[in-house]
1. Considering only the range 326-342, how many residues are crowded, with 23+ Cβ neighbours inside 10 Å and either more than 21 Å from residue 288 (Cβ to Cβ) or among the polar types (S, T, N, Q) (or both)?
2. Could you tell me which residue of the range 466-508 is nearest to residue 521 (Cα to Cα), considering only residues that are part of a loop (DSSP other than H, G, I, E, B) and under 26 Å from the mean Cα position of the chain (by Cα)?
3. Being touching a helix residue (DSSP H, G or I) at 6+ places or on another chain (Cβ under 6 Å) and either surrounded by 24 or more Cβ atoms within 10 Å (Cβ to Cβ) or among the acidic types (Asp, Glu) (or both) narrows it down to one of 246, 282, 311, so name that one.
4. Could you tell me which residue of the range 93-121 is farthest from the chain's Cα centre (by Cα), considering only residues that are in a strand (DSSP E or B) and over 16 Å from residue 80 (Cβ atoms)?
5. Within the range 146-181, can you find the residues that are aliphatic (A, V, I, L, M) and either at pLDDT below 90 or farther than 21 Å from residue 136 by Cα (or both)?
6. If residue 136 meets every condition in (1) in contact with a Lys or Arg (Cβ under 6 Å, 6 or more places away or on another chain); (2) not in a strand (DSSP E or B) apart from one, which number is that one?
7. Quick check, is residue 385 over 26 Å from residue 112 (Cβ atoms), surrounded by fewer than 19 Cβ atoms within 10 Å (Cβ to Cβ), in contact (Cβ under 8 Å) with a residue 12 or more places away in the chain and charged (D, E, K, R)?
8. Would you say residue 76 is surrounded by fewer than 17 Cβ atoms within 10 Å (Cβ to Cβ), under 17 Å from residue 204 (Cα atoms) and touching a residue at least 12 places away in the same chain (Cβ under 8 Å)?
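The values are calculated or read from the model by the stated rules, or taken from the named source; none is laboratory data. As the structure is a prediction and not an experimental result, all values here were calculated from the model. Quick reminder, even Gly has a Cβ in these numbers, built from the backbone with ideal geometry, and neighbours come from all protein chains shown.
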Amino acid sequence: MRRTFLALLVCLVGLTAALVHPAASEHPEVRAFWVDAFNPGIKTAAQVDTLIERVLQANANTIVAQVRRRGDSYYLNSIEPLVEDATVTRGFDSLGYLIERAHAAGLEVHAWIIANAIFNGHPFIPTAAWPCAVPCSADHVFNRHGFFAAGDENWLTRTHPLYTAGTSVYPSNGSLIPAGWRLSDGNWYLDPGHPAAAEYTVNVAKHLVATYDIDGLHLDRIRYPEMPISRVVGGPIGFSTGYNDVSVRRFNQAYGRPAAALPLPWDGSWSGWRREQMNALVRRIYLETIAIKPHVKVSASTITFWRGPNVSGGFENTEAYYRVFQDWNGWLRAGLLDLNIPMVYKPVTSGENTAQFSDWAEFTKVHQYNRHSAVGLGVYLNSFEQSIGQIAEARQPSPATGATPAGLAYYSFATTNRAGGGAPMRPHAEFFRALSEDGAYVAVAPNPAPVTIPAMPWKAAPRHGYLLGQIFDLAGHPADGAVVTIRQLNAHARAVAIEQTADGNGYVGAADLPPGAYQLAIRTPDGTEFFTVPSPVTPGVVSRLTIRLRSRKRGPIIRPAQRAVYGPMDESDVSPLGHWRQREPIPQDDTGGQ
């Protein structure tokens, strides 16, 4: 009887969706809501039903739901423990039910995972949220490879021992670097420069993509943690993070430095190294996802701290690039994201914030590189009227090129406004009506009718292919640091030639490759070896290969040093933590919950 009722309910939902969500004649547009895991949203069947109802009411079409919080899951079929969240109905598969209901209503579901933050709590002091002090499951990654793990089994990022501002300092626990571990906001981060940590994160994403019928995989905190910032004459300081023992050891080998050396936070080579680790992680997740399910859209919520590229003098001068080592502009250029959602969370409180919003929105529109970018709005920071004003500005064509964004995303479903601009705090549920009903709060609502989601031509009718290779040396170890050129064969003078360094697990790869034959030229200290990819690169397909080098790798290829562009600092240079934490709008998932 219950199954019959559920089947009838699904049919009714589908019929309702057909009535309220007809094929739209307006310009296609992504209209997404971020649904965080620290508030009601997907934790019970009733919450999911309400979510679907309100997203439809807002004439939106995409749900970006947080299903991996910090090393735990809001879905039952997972390689990680389920969340310790008393508000979740035991045995309820939040993601599974969300997919069923959303698809019946014509909505897309993008599974949102926090990539690098894995725990929020004190390792010795129990709290109401963590009665065991640490996660109760012995299998949680924090228990297996976090603070209590020694040597190479410890995957956490740390600071330089002399520059620990913004962290809590704990005993070294066997580390070569007794330094800050836990951020002042409570978070512990995996270090992407540790090959085992990177592999673990990739495997979590692969299992999720393979197991659930998601439309997209959404990456959050796919960066290094933001650390305190100081602005001095000649440029900003470097940032003290990424000092896991294994990552430092790999860096020293790559740059020919003494094994016990510690790079300084502003060392140009060290900054480039950390950025390279993030690039490699994103590349691997993207290619592994496409290999499993080519139709799944890989997206990321990306950083827009402080001033934008047009004011700062280029993307390389933004805090996304030099502070958290997140080169999302480069990811788009390389085809490693299908959808970029910069978090342009700017309160309408000053001319500076308004200018920052305009700068980042303009850059987002113009720099899409034949992929899609949607402007992420921090509606929790503004009144309804202020957010609707930002929606209108974000949709305006670029004055320089006429480009428009692929859509908009709202943070968040749970927190939709605050008092501001003479407007009081409004009931949360009113936001969805404010978006869709003319006259509800503004004369012309921004979403008066449903629209379709823009097609992605590189997925719907692909013209290019992908390549993912793993390289081992003669002894069977990953060829970490081998210099690889991915070269197109039998082609014209402008044929593809991509130089890349194998990551800590020996992987190299590329997207947007013209079809045809390819060769890998792999340079090690013993010389250069050539390997032809066994089958031609095919549109829409990930060509995979495993390579065993014929020579034994004798030490690393020593890389040339990069210029140290930032001057030295001491703790007195670092801005006060209160200023650091409040200078940028911080989403609720950065400050609330466990």
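1. Qualifying residue count, the range 326-342: 3.
2. 502
3. Matching residue, one of 246, 282, 311: 282.
4. Among those that are in a strand (DSSP E or B) and over 16 Å from residue 80 (Cβ atoms), it is 108.
5. Residues satisfying the conditions are 162, 165, 169, 176, 177, 179.
6. (1)
7. Yes.
8. yes
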